[in-house]
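The values are calculated or read from the model by the stated rules, or taken from the named source; none is laboratory data. Computed from a predicted model, the values in this text were never measured in an experiment. Using ideal geometry, Cβ is built from the backbone for each residue, glycine included, and neighbour counts are taken over all protein chains shown. Accessible surface is based on the protein model in full, side chains and every heavy atom, while ligands, DNA and RNA are left aside. Shrake-Rupley method; radii C 1.70, N 1.55, O 1.52, S 1.80 Å.
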Amino acid sequence: MLDPSAVTDELRARVRAELPEVEEIRDPELAAKVVEAWALALASSSFDAIAEIEPSGNPGVNTLKRGSQTDHIRGVTRMAMALADQLCGLLPDLRIDRDIVIAGGLCHDVGKPWEFDPENRRRWEGGPRRAGLPSIRHPAFGVHVCLTVGLPEEVAHCAAAHSGEGELLVRSLENTIVHHADYAFWGICRAGDLLKPESLAELKVRH
Ligand SMILES: [Fe+2]
């Protein structure tokens with residue numbers, strides 16, 4: 001499933017260019033692992049860039065009329081950073097790890113190259129009772145990617161529990177911020193008429 005030998009420096013450079021917010025992470029080792037996570041997820045999929053992934057919360061659900069998946073990843077990360085910075089300025093007792101907020105925002109959907117991969121979709125839709133549809137949702141596959149590249153459990157947790165899966169456990173402070181930024185992104189895009197009407201999630205929002 002994951003193929004570390006397929007990761008190239010060209011792909012790492014493309015990820016850095018697609019996600020400039022990586023530069024906001026103070027710990028260079030953590031920043032490099034965020035880049036590695038996306039490079040590995042892409043290298044193991046049919047996609048060569050994050051921008052090639054359908055700009056949706058789930059395949060076919062909450063799809064941007066215009067723009068790309070990078071707009072979602074960057075938008076969530078920027079909102080999460082703003083929430084953290086604004087609240088820390090107001091509530092000094094709040095102890096937020098800013099690097100984890102940024103890395104968590106950037107990696108929360110790192111499992112999407114797997115769940116959105118057209119080859120995987122064809123296989124799952126051709127026989128949903130064989131391995132499931134999808135076999136593994138992007139939050140769970142994102143954990144696989146994060147832990148494979150050595151990201152800390154705090155970041156893997158943001159992939160694991162930013163969405164509906166997070167209702168089954170207690171979210172960390174940083175993941176609570178990422179989770180709200182993620183849901184806010186789709187809610188605001190919907191209110192701003194940026195989503196394709198036929199893709200609206202209605203009551204089944206799980207991104
Ligand atoms: Fe998301």
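Quick notes
- The requirement of being of a type in the set (S, T, N, Q), modelled with pLDDT of 95 or more and more than 16 Å from the ligand (Cβ to nearest atom) is satisfied by ASN120.
- Checking LEU30 against (1) open to solvent by less than 20 Å² (accessible area, probe 1.4 Å); (2) within 15 Å of the ligand (Cβ to nearest atom), the condition it does not meet: (2)
- If you go through the range 148-164 and keep only what is open to solvent by less than 10 Å² (accessible area, probe 1.4 Å) and either farther than 14 Å from ASP99 by Cα or of a type in the set (D, E, K, R) (or both), you end up with ALA159, ALA161, HIS162, SER163.
- Candidates GLY150, GLY67, filtered to the one that is more than 16 Å from the ligand (Cβ to nearest atom), out of contact with any strand residue (DSSP E or B) (no Cβ under 9 Å at 6 or more places or on another chain), at positive phi and not in a helix (DSSP H, G or I): GLY150
- Every condition in (1) more than 21 Å from ALA31 (Cβ to Cβ); (2) in a helix (DSSP H, G or I); (3) not hydrophobic (A, V, I, L, M, F, W, C) is met by ARG171 except one, and the failing one is (2).
Yes/no per residue for (1) out of contact with any Pro (no Cβ under 9 Å at 6 or more places or on another chain); (2) at pLDDT 95 or above; (3) under 17 Å from GLU24 (Cα atoms):
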residue	(1), (2), (3)
GLY75	yes, yes, yes
PRO92	yes, no, no
ILE96	yes, yes, yes
ILE100	no, yes, yes
HIS108	no, yes, yes
TRP124	no, yes, no
ARG130	yes, yes, no
ILE136	yes, yes, no
HIS144	yes, yes, no
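- Considered as a group, the residues in the range 70-102 that are within 16 Å of the ligand (Cβ to nearest atom) and β-branched (Val, Ile, Thr) include one that is most open to solvent (accessible area, probe 1.4 Å), and that residue is THR70.
- Screening TRP38 against (1) in contact with a helix residue (DSSP H, G or I) (Cβ under 7 Å, 6 or more places away or on another chain); (2) crowded, with 19+ Cβ neighbours inside 10 Å; (3) under 30 Å from PRO197 (Cβ atoms) leaves a single unmet condition, (3).
- Flag set for ALA201, criterion: among the hydrophobic types (A, V, I, L, M, F, W, C) and modelled with pLDDT under 95.
- Look at (1) away from the ligand (no atom under 15 Å from the Cβ); (2) more than 22 Å from LEU40 (Cα to Cα); (3) open to solvent by 40 Å² or more (accessible area, probe 1.4 Å) and you find that GLY127 fails only one, number (3).
- Of all residues in the range 103-124, those satisfying the criterion of being open to solvent by 30 Å² or more (accessible area, probe 1.4 Å) and either without any contact (Cβ under 8 Å) to a residue 12 or more places away in the chain or part of a loop (DSSP other than H, G, I, E, B) (or both) are ARG122, ARG123.
- In the range 165-186, residue nearest to ASP85 (Cα to Cα) [restricted to those that are surrounded by fewer than 19 Cβ atoms within 10 Å (Cβ to Cβ) and within 12 Å of the ligand (Cβ to nearest atom)]: HIS180
- Flag if ALA6 is over 22 Å from ALA161 (Cβ atoms), modelled with pLDDT of 95 or more and not β-branched (Val, Ile, Thr): yes
- Test: residue in the range 41-49 that is more than 24 Å from ARG171 (Cβ to Cβ) and part of a helix (DSSP H, G or I): yes
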